[in-house]
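Down below is the structure, laid out as structure tokens.
Derivation of every value follows stated rules applied to the coordinates shown; laboratory data play no part. Note that the coordinates shown come from a computational prediction; the quantities given were computed from them, not determined experimentally. When we count neighbours, we look across all protein chains shown, and the Cβ atoms used for this are built from the backbone with ideal geometry, even at glycine.
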Amino acid sequence: MNIEQALSYGHSVLVKSESPDLDSKILLCLVLDCQTTYLHTWPDKVLTTEQQALFEQFIHQRLRGAPVAHITGVRGFWSLDLKVTEATLIPRPDTELLVSLALTKIRPKMMVADLGTGSGAIALALATEQPDIMLIASDYSWSALQVAKLNALENKLNNVSFIRANWLAACRSSVFDVIISNPPYITEDDPHLLEGDVRFEPVTALASGKDGLTDIRIIVSQACQSLKSGGWLLVEHGYHQAEQVMQLYHDAGFSNISSHQDYGDNDRVVIGQLTL
Ligand code: GLN
């Protein structure tokens, strides 16, 4: 089997995947330890028996539903390659919106918190862009924190402190200039939780009560204690939750509240400032 045949084999087996071509290319690159351009340049290169067996094994893992990021163990986010395990959410491209918006509010020397950091994606992206800030990244899950710390180490980012915390419950008042979070926000009975890649992610990172807003409610109400005056809160939410989340900000006393859309034009992030 050569590279071209391997890719068409992958495509035919994964025909029900949303992205059979991309999945096959990523998995073949993992086997051959190469970049995708190599696949296009050397379509006639024949795989060794071991490479072919490994490729078939990965394709069958994917066929059984395993997310590509769990097979490769990495996912690109912002400019970083992040280690990903079943302990955390797989970072989504849409969450880069949260990073871009946070960067418009963050200045050198600020105290910044990333709540529910998971793989560390948001905190580490901010740390690469603004090395001169104090960053606290928290999660309730010890195993997620281990993944996040490893990602900090591998990306040589040492300006993030990782702590185990239940949102801002144990936080002093008026500490942070900016608080960012991509919390769980899917309704607990959402049928999507039983489909596709999300089946392999921790439900505690995805679902949040009957209306999906249980954790966002807690974060918004606690953030107005923990933010300094003038500080900003930025929260990712579900595509249909913008109005409710803006109302929560309003009820908690935030000003300058605005809603922002992701790459797919869905409402995805609400930001607001504490001006009290
Ligand atoms: N956006 C993700 C999804 O729909 C959920 C991420 C989250 O709950 N924070 O799969």
Against the 2.2 N^0.38 Å rule of thumb, the C-alpha Rg of the range 102-246 sits at a ratio of 1.03
With Cα springs under 10 Å, the Gaussian network model of the chain assigns the largest mean-square fluctuation among Gly231, Gly116, Gly209 to Gly209
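For the range 66-161, compute the orientation-averaged projected area of the C-alpha convex hull (one quarter of its surface), in nm². Walk me through the numbers on the way to the answer.
Details: hull surface 22.1 nm².
Its average projected convex-hull area is 5.5 nm².
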Relative contact order of the range 226-276 (C-alpha contacts under 8 Å, at least 6 apart) in percent is 49 percent
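Could you work out the relative contact order of the chain, using alpha carbon pairs under 8 angstrom and six or more residues apart, expressed as a whole percent?
On the way: 525 pairs, mean separation 38.9, N = 276.
Rounded, it is 14 percent for the chain.
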Taking GluC sites (Glu not before Pro) in a DSSP loop with at most 14 other Cβ atoms within 10 angstrom as exposed, one finds the longest site-free stretch of the chain at 87-194
Computed, not fitted: 222 nm per-residue ellipticity of the chain from DSSP H runs ≥ 4 (each -39500 (n - 2.57)), nearest 500, equal to -11500 deg cm²/dmol
Sorted by chain and number, the residues with a modelled amide H under 5 Å from that of Leu234, at a separation of 5 or more or across chains, are Ile179, Ile180, Ser181
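For the chain, give the magnitude of the charge dipole about the Cα centre (Cβ charges: +1 Lys/Arg, -1 Asp/Glu; no others), in debye to the nearest 20.
Details: 20 positive and 32 negative charges, 179 e Å.
For the chain, the charge dipole is close to 860 debye.
Within the chain, which is the longest segment that contains none of the trypsin sites (Lys or Arg not before Pro) sitting in a DSSP loop with at most 13 other Cβ atoms within 10 Å? Walk me through the numbers before you get to the answer.
Working: sites that count: Lys16, Arg64, Lys109, Lys156, Arg172, Lys210.
With trypsin sites (Lys or Arg not before Pro) excluded where exposed in loops, the chain gives 211-276 as its longest stretch.
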Under the Karplus relation with 6.51, -1.76 and 1.60 and θ = phi - 60°, whole-Hz ³J(HN,Hα) for the range 31-36, x at Gly and Pro, equal 5, 8, 6, 9, 8, 4
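Taking a 30 Å limit on the Cα-Cα distance, which of the listed pairs Lys83/Lys109; Lys16/Lys149; Lys16/Lys156; Lys45/Lys156; Lys25/Lys156; Lys83/Lys105 fall beyond it?
Values: Lys83/Lys109 28 Å; Lys16/Lys149 35 Å; Lys16/Lys156 39 Å; Lys45/Lys156 36 Å; Lys25/Lys156 28 Å; Lys83/Lys105 27 Å.
Listed pairs above 30 Å: Lys16/Lys149; Lys16/Lys156; Lys45/Lys156.
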One can check that the equivalent ellipsoid of the chain, built from the alpha-carbon gyration tensor with semi-axes equal to the square roots of five times its eigenvalues, has lengths in Å, largest first, of 38, 20, 16
Listed by chain and number, the residues whose amide H is under 5 Å from that of Val160, excluding neighbours fewer than 5 places away on the same chain and using placed H, are none
In whole Hz, the Karplus estimates of ³J(HN,Hα) for the range 59-71 (6.51, -1.76, 1.60; θ = phi - 60°; x where Gly or Pro) are 4, 6, 4, 5, 4, 7, x, 4, x, 3, 5, 7, 6
The farthest towards the positive end of the charge dipole of the range 117-276, of the residues Ile163, Ile219, Pro191, given +1 on Cβ of Lys and Arg and -1 on Cβ of Asp and Glu, is Ile163
Note on the range 5-82: contact order normalised by length, alpha-carbon pairs under 8 Å, 6 or more apart, percent, works out to 29 percent
Computed ³J(HN,Hα) along the range 173-190: with the Karplus parameters 6.51/-1.76/1.60, θ = phi - 60°, integer Hz and x for glycine or proline, the list is 6, 6, 9, 9, 8, 9, 10, 10, 8, 10, x, x, 8, 8, 5, 5, 9, 5
